[in-house]
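**Q** Questions regarding the structure given below will be posed in turn.
No value in this document is a laboratory result; all are computed from the given coordinates. All of these numbers come straight from a predicted model, not from anything done at the bench. With ideal geometry, Cβ positions are generated from the backbone for all residues, glycine too; neighbour counts draw on all protein chains shown.
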Amino acid sequence: MSVLLIAEHDNAKLKPFTLNAITAASKMNTDVHVLIAGNNCANVAKEISSIPLVKKVLVCDSPNYQNYLPENLAPLVTKVSEKYDHIVVSANTFGKNFMPRVAAALDVSQVSDIIKVISSDTFMRPIYAGNAFATVKSNDKKKCITIRPTSFESAEKSGGSAEIEKVEAVNVPNTSRFIKREETKSERPELGTARIVVSGGRGLESGDNFKLINDIADKLNAAVGASRAAVDAGYISNDHQVGQTGKVVVPDLYIAVGISGAIQHLAGMKESKIIVAINKDSEAPIFSVADYGLEADLFTALPEFLAELNKLNTIQK
Amino acid sequence: MKILVAAKRVIDYNVQIRVKDDGSGVHTDNVKMSTNPPDDNAIEESVKLKESGKVKEVVAITIGEDKAQETVRKALAIGADRGIHVKADSYIEPLGIAKILKKVVEKEKPDMVFLGKQAIDDDCNQTGQMLAAMLNWPQATFSSKLNLKDKSLEIVREIDEGLETLEVNLPAIVTCDLRLNEPRFASLPNIMKAKKKPMEQLIAKDMGIDLTNRIEQLKVEEPPKRKAGIKVANVAELVSKLKNEAKVI
């Protein structure tokens, strides 16, 4: 039977991680159907119908799905999933929020945050914040799966013409109300999805010194991260924390400055494509995972780094 | 009002995980165990609500082997009033855990159930949401700010794009983010007092719930090791490598 994928969108446009989830879903079964639940979301349906990997688009248009409250969304997904073997969504705050409700309603044990599809019932997923990889086989008849978007390529966006079918809304419990959403108004990219992350640790010695990190981040259009030690010392707020108890990041470039490399920090960044470590302690564990290590005092190295970057004609955005 | 707060005993977040050579899992013998970090936030918030006078009773629950009682004792030392230990000697998936909690909720009838947003061992991020679905309650996941009203709860939650504010009717499930509060340490006198607080024991397999795991763990392995990198002599060389060799800037 086919795969049902739940699209993430803002009622006007598709969110990009849906494309990664479509790739993952197509590895479970090539007959990928996408459900869009939203309010006045016809444009999103059109956008999805042109994705070549998508064979059918199901649209449920109702004010009840405007803000994708899980109490409202889960009963719809549960009903639509009757005809499917796999129910798939990206493992971000959108998917994590409602998919376990669907799994519970179907009496299915969910497989969370997979990084590889081995077969239609066997998947690889990180455990212990990526310190180990588990290969797991789901014995449930139906499978509820969330996928880690950064582990799958994003699907081609144009060239397809899948049929669009309407789906009736289902009753909602009216137990929760959306009040507002405040998108982080930072000039910098979001930590979880940034292409480059520059992080500071206890070596920065004060919150004011994070300016050195911010300057580099601005130059590289990077997000700013921090070690737990820097957060605990009060140098920076904990939404910047990278690590097992903070955010797990997988950027193309991760620059760790004045971070020794405690286990719990490494767990949050060691899957980054290129890692740079700047630290004055030659024995710091961070050097064991760094592609490029610079043994230097950060207070001289960072201004030099900025000066060198300023010399470059172009910097990738 | 009454809160049931659930906590899990996990390998301490500072311990370097070691995968067993036979691929059957990770080493847990003689490894330091602690309360799952976001569960500490859940316990802290429950106790703060009690201290504010809005909540009358906080009941702490854990599910696991005998040693998991330490997790409940710690919650009692922080300020929970009584504890429940559901004895289970082997791993139970979040679906089974949610079913056990549902049974306890039906008996205890709390106004809210607090949990951490995710356990740092199996990283499933499911239990709170599953419990909410089974009870047909609303949920406030990844909560970083709470405002308890008479019949509802206003919460700010962490989402990928920033923050979201919701209002949920009571009873409700709350899963806690690390930003919700700063968990306190238990004082020695409170640790002593906690030893006298009541702790009820239930046996998971005698609760009349099918706890058969649905997911087979075929293999656990080390993630691929990173190739050893190089040391660069100075900042100019670093920038040149990033630009011309790694091509990331």
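**Q** Distance check, please: which entries in B:48/B:109; A:56/B:99; A:142/B:219; A:13/B:151 exceed 25 angstrom between their Cα atoms?
**A** Violating the 25 Å limit, Cα to Cα: A:56/B:99; A:13/B:151.
**Q** So if I take the centroid of the Cα atoms in segment B:184-212 and the same for segment A:105-151, what is the distance between those two points in Å?
**A** When both Cα centres are located, 31 Å separates them.
**Q** Report, ordered by chain and residue number, the aspartates and glutamates lying within cross-link reach of residue A:280, taken as a straight Cα distance under 16 Å and ignoring same-chain residues fewer than 8 apart.
**A** A:205, A:295, A:297, A:304
**Q** Still on this model: What residues qualify as long-range amide H neighbours of residue B:84, i.e. H under 5 Å apart, gap of 5 or more or another chain, H built at 1.01 Å from N?
**A** B:60, B:61, B:62, B:200
**Q** Divide the volume of the convex hull of the Cα atoms of segment B:2-223 by its number of residues and quote the answer in cubic angstrom per residue.
**A** In segment B:2-223, the Cα convex hull volume per residue is 135 Å³.
**Q** Continuing with the same structure: To test your reading of the geometry: what angle, between 0 and 90 degrees and rounded to tens, separates the Cα axis of helix B:37-51 from the longest principal axis of chain B?
**A** 40 degrees
**Q** If you add up the charges near residue B:16, with Lys and Arg at +1 and Asp and Glu at -1, over every other residue whose beta carbon is less than 12 angstrom from its beta carbon, what do you get?
**A** Local charge sum for residue B:16: 0.
**Q** Further, regarding this structure: Could you tally the net charge around residue A:201, taking each other residue with its Cβ under 13 Å from the Cβ of residue A:201, Lys/Arg +1 and Asp/Glu -1?
**A** My count for the surroundings of residue A:201 gives 0.
**Q** Long-range amide H contacts for residue A:116: which residues qualify at under 5 Å (H placed 1.01 Å from N, peptide plane, sequence gap of 5 or more or a different chain)?
**A** A:124
**Q** Pick from B:230, B:11, B:84: which is most flexible by mean-square fluctuation in a GNM of chain B where alpha carbon atoms under 10 Å apart are linked?
**A** Taking springs between Cα atoms under 10 Å, the residue moving most is B:230.
**Q** Here's another thing I want to ask about it. I need the phi-derived Karplus couplings for segment B:157-162: 6.51 cos²θ - 1.76 cosθ + 1.60, θ = phi - 60°, integer Hz, Gly and Pro marked x.
**A** Rounded to whole hertz, the list is 10, 7, 10, 4, 7, x.
**Q** Which aspartates and glutamates does residue B:196 reach when only Cα atoms under 13 Å apart count, and residues fewer than 8 places away in its own chain are ignored?
**A** B:81
**Q** How about segment A:164-250: which GluC sites (Glu not before Pro) there lie in a loop by DSSP and see at most 11 other Cβ atoms within 10 Å?
**A** Hits after loop and neighbour filter: A:168, A:187.
**Q** Run the helix sum for chain B: -39,500 (n - 2.57) per DSSP H stretch of 4+ residues, divided by residue count, reported at 222 nm to the nearest 500 deg cm²/dmol.
**A** Only helices count here, giving -7500 deg cm²/dmol.
**Q** Then there's this: With charges only on Cβ, +1 for K and R and -1 for D and E, what is the dipole size of chain B about its Cα centre, in debye, rounded to 20?
**A** 540 debye
**Q** May I ask for the Kirkwood hydrodynamic radius of chain A, worked out over all distinct Cα pairs and given in angstroms to one decimal?
**A** 21.2 Å
**Q** To continue, here is another question. Would you work out if segment A:212-258 is rounded, prolate or oblate? Take a ≥ b ≥ c from the square roots of the eigenvalues of the alpha-carbon gyration tensor; rounded if a/c is under 1.5, else prolate when a/b is larger than b/c, oblate otherwise.
**A** Oblate, since a/c reaches 1.5 and b/c is not below a/b.
**Q** Let me ask something additional. Which of rounded, prolate, oblate describes segment A:147-209, given a ≥ b ≥ c as roots of the alpha-carbon gyration tensor eigenvalues and a/c under 1.5 marking rounded, otherwise prolate only if a/b is larger than b/c?
**A** Because a/c hits 1.5 or more and a/b fails to exceed b/c, segment A:147-209 counts as oblate.
**Q** Follow-up. Considering only the other residues whose Cβ falls under 13 Å of the Cβ of residue A:191, what net charge follows from Lys and Arg at +1 and Asp and Glu at -1?
**A** Once positives and negatives cancel, what remains is -2.
**Q** Still on this structure, I have one more. Where does chain A land at 222 nm, in deg cm²/dmol rounded to the nearest 500, when only DSSP H runs of n ≥ 4 count, each adding -39500 (n - 2.57), divided by all residues?
**A** Mean residue ellipticity at 222 nm (helix-derived): -7500 deg cm²/dmol.
**Q** For segment A:185-317, what class follows from the C-alpha gyration tensor (a ≥ b ≥ c being the square roots of its eigenvalues): rounded when a/c is under 1.5, otherwise prolate if a/b is larger than b/c, else oblate?
**A** rounded
**Q** Same structure, new question: How tilted is helix B:94-108 with respect to the longest principal axis of chain B? Cα atoms for both, answer in degrees (0 to 90, nearest 10).
**A** 20 degrees
**Q** Further, regarding this structure: Report, to the nearest 10°, how far helix A:210-220 tilts away from the longest principal axis of the Cα atoms in chain A, using its own Cα long axis and a range of 0 to 90°.
**A** Roughly 60 degrees, rounded to the nearest 10.
**Q** Sticking with this structure for a sec: For each of B:91, A:128, count neighbouring Cβ atoms within 10 Å of the residue's Cβ, then give the residues from fewest to most.
**A** Ascending Cβ contact count within 10 Å gives the list B:91, A:128.
**Q** Still on this structure, please answer the following. Given the C-alpha centroids of segment A:9-40 and segment A:168-202, what is the distance between them in whole angstrom?
**A** 18 Å
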